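**Student:** Got a structure for you, written out below as structure tokens; questions coming shortly.
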Amino acid sequence: MTPYRPYPFHWVPAEGARHAIADQRPAGGWPEGETITVLCGSEVAADNSELAWLWDTCPDCNAGRTCLAEVPMPPAVSAR
Ligand SMILES: [Zn+2]
């Protein structure tokens, strides 16, 4: 059974920014210091500290995320 994943990415704070990652999130999150490849193409060390979540979103990851999550809008239903 596949766990429900609303979007094909997760946010993970690493090296001073909040990056997006397309990998399946391990239970409990990525281990501190784990090297991960994020959407902007960087290899970064995951950071699990609470403060890390206050970092700014990586603009490149944010752009990539928007593409990944892009879902075609259903045609507008006109009111009858
Ligand atoms: Zn990034």
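The values are calculated or read from the model by the stated rules, or taken from the named source; none is laboratory data. Since the model is a prediction, treat every value here as computed from it, not as a measurement. Neighbour counts are summed over all protein chains in view; Cβ atoms, including those assigned to glycine, are modelled from backbone coordinates with ideal geometry.
**Student:** Filtering the stretch 21-51 down to residues that are closer than 15 Å to W11 by Cβ and hydroxyl-bearing (S, T, Y), which residue is modelled with the lowest pLDDT?
**Tutor:** Top of the filtered list is S49.
**Student:** Then there is this: When the residues of the stretch 52-80 are filtered to those that are modelled with pLDDT of 90 or more and loosely packed, with under 11 Cβ neighbours inside 10 Å, which remaining residue is farthest from P8 (Cα to Cα)?
**Tutor:** Checking each candidate, the answer is L54.
**Student:** Let me ask another. Can you find, within the stretch 6-35, the residue that is farthest from the chain's Cα centre (by Cα) among those that are more than 12 Å from the ligand (Cβ to nearest atom) and hydrophobic (A, V, I, L, M, F, W, C)? If you could, list the steps in order and put the result at the bottom.
**Tutor:** Of the residues in the stretch 6-35, the ones more than 12 Å from the ligand (Cβ to nearest atom) are 6-8, 10, 23-35.
Of the ones still in play, those that are also hydrophobic (A, V, I, L, M, F, W, C) are 27, 30.
Numbers: A27: 15, W30: 12 Å.
So, considering only residues that are more than 12 Å from the ligand (Cβ to nearest atom) and hydrophobic (A, V, I, L, M, F, W, C), the one farthest from the chain's Cα centre (by Cα) is A27.
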